[in-house]
1. Being open to solvent by 40 Å² or more (accessible area, probe 1.4 Å) and part of a strand (DSSP E or B) is the filter here; which residues of the range 59-72 pass it?
2. Here are some conditions: (1) touching a residue at least 24 places away in the same chain (Cβ under 8 Å); (2) more than 20 Å from residue 134 (Cα to Cα); (3) buried (at least 19 other Cβ atoms within 10 Å of the Cβ). Residue 52 meets all but one. Which one does it not meet?
3. Within the range 379-402, can one find any residue that is in contact with a Pro (Cβ under 8 Å, 6 or more places away or on another chain) and open to solvent by 60 Å² or more (accessible area, probe 1.4 Å)?
4. Let me spell it out: the conditions are (1) of a type outside the set (A, V, I, L, M, F, W, C); (2) open to solvent by 10 Å² or more (accessible area, probe 1.4 Å); (3) more than 19 Å from the chain's Cα centre (by Cα); (4) closer than 24 Å to residue 278 by Cα, and residue 13 meets all of them except one. Which number is the exception?
5. Can you give me the number of residues within the range 262-302 that are of a type outside the set (A, V, I, L, M), under 17 Å from residue 153 (Cα atoms) and either open to solvent by less than 20 Å² (accessible area, probe 1.4 Å) or not in a loop (DSSP other than H, G, I, E, B) (or both)?
6. Could you check the range 73-169 for helices (runs of 4 or more DSSP H) lying wholly inside it with 2 or more residues that are buried (at least 17 other Cβ atoms within 10 Å of the Cβ)?
7. Pick from 235, 252, 183, 189: which is surrounded by 18 or more Cβ atoms within 10 Å (Cβ to Cβ), touching a residue at least 24 places away in the same chain (Cβ under 8 Å) and more than 29 Å from the chain's Cα centre (by Cα)?
8. Failed condition for residue 347, given (1) open to solvent by less than 30 Å² (accessible area, probe 1.4 Å); (2) free of Cβ contacts under 8 Å to residues at least 60 places away in the same chain, with all others met?
Amino acid sequence: MSSEGAFLGIDISAKSTVVSLYKADMAEPSTVSTVLGEECYSIPTTVAKRVGMSQWFFGDEAIKRSRTKEAVLVEDLFTLALKKDMVFIDDSSYEAQDLLVIFFNKIFSIPGPMAAMDSIDKLIICVEQVSLEIMELMNYVASKLGFSSKQLMLIDRNECFYYYALSQKPELFLYKVALFDYSGSNVISCVLNRNQSTRPQLITLDVANHGDIIDNRDELFEKIITDTIGNELYSAVYLVGDGFDGDWMKSSLTKLCKGRKVFLGKNLYSKGACYAGYIKEGNRDWPFIFIGDNDLKMNLSIKILDNNVMKFYTLIDAGQSWYDVKGECEVILDGEPEIEFFIQRPESREAHTEVLELTDMPKRENRTTRLRIEASPVSDVAVSIAITDLGFGEISAASGKKWEHIISIK
């Protein structure tokens, strides 16, 4: 399958947003700069409204205009939108999530590569950690921007690193690969390990939070390097985050550069998001597998009788992103008013069962009740089940009764 459209990777946090885009004919994703000809990649996640007018600014411009009192700044925009808060400016009230839509619209209107983009195949949003609230917010924003839910993909930063690191030249991931993220006041390390004896190769990530480093940064970071890397072989090390700005890395950088390539930048996650969208759409052979924090840790199925043959019908498959997948089927009830679910971990052959009783089901003759079963994951280990009584054509009217239940792995 080949893709003609563009893949847009947006790394968004409470503080800043970075945008990269990728097409099949590009050697690597290109990051959007707010200043033509310069590498101004980091856009503050903020908007400001001009006093007395319905004109909006975003990013650095919003901050600048608010300093001169021309505009009113909305800080913590991402956090406010997640909380579905209201924002009051100039005697008017705005929903924070609608202001986030304005922010995204402004991003799409940046001149240069963004303006030249005809169609976007996929909008890949990268966040620090995926949650149900973020999923709902991004679905809202994407729909307001005219994207279907199929065009939207959510991903966390660790998974972006996985796609980025393994999309580089093979010599850069011959051995282990490390990422140090100093976006906040603390340093987080993420080490990528590759099991070359499995097909596809199983990838694992070891993530550690090393706490705050504020004083003696060079010395403390050198210790973090020693604790993380030790004497093992590493092909590449990536440094991301504003904390690495300035000229404070002296002995730590010397230690880091011994026998390995070191890269410093602000756009690793947004580029990784582009690669993730492109690869997950099946545009490139990908000999790796990674079961991340957001991938479902369970298979969920029911037993059905199909042409007199008893078989399992899978509602939900393990290994898919929990916020991307839904399962649905319609069945005719045979026997007792109950549905038996089979729950299995992907690494296990054993399945345990859970029976959901359909209490107060209208009394009908056997096999004259049609049910819709819907399965929607609410996390990587829990699935919400909704069963609706659809009746049976003209024989029995639908009662509209609905039974809901959460199934999780023990």
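The values are calculated or read from the model by the stated rules, or taken from the named source; none is laboratory data. As the structure is a prediction and not an experimental result, all values here were calculated from the model. Neighbour counts are summed over all protein chains in view; Cβ atoms, including those assigned to glycine, are modelled from backbone coordinates with ideal geometry. Accessible surface areas use protein heavy atoms only, side chains included; no ligands, DNA or RNA. Shrake-Rupley method; radii C 1.70, N 1.55, O 1.52, S 1.80 Å.
1. Here is the first cut: in the range 59-72, the residues open to solvent by 40 Å² or more (accessible area, probe 1.4 Å) are 60-61, 63-65, 67-70, 72.
The answer is 72, and nothing else.
2. All conditions pass for residue 52, except number (3).
3. Among the residues of the range 379-402, at least one is in contact with a Pro (Cβ under 8 Å, 6 or more places away or on another chain) and open to solvent by 60 Å² or more (accessible area, probe 1.4 Å), which makes the answer yes.
4. (3)
5. Within the range 262-302, residues that are of a type outside the set (A, V, I, L, M), under 17 Å from residue 153 (Cα atoms) and either open to solvent by less than 20 Å² (accessible area, probe 1.4 Å) or not in a loop (DSSP other than H, G, I, E, B) (or both) number 12.
6. So the answer is 77-82, 96-108, 132-144, 157-165.
7. 252 is the lone residue from the list that is surrounded by 18 or more Cβ atoms within 10 Å (Cβ to Cβ), touching a residue at least 24 places away in the same chain (Cβ under 8 Å) and more than 29 Å from the chain's Cα centre (by Cα).
8. Here residue 347 meets the rest and fails (1).
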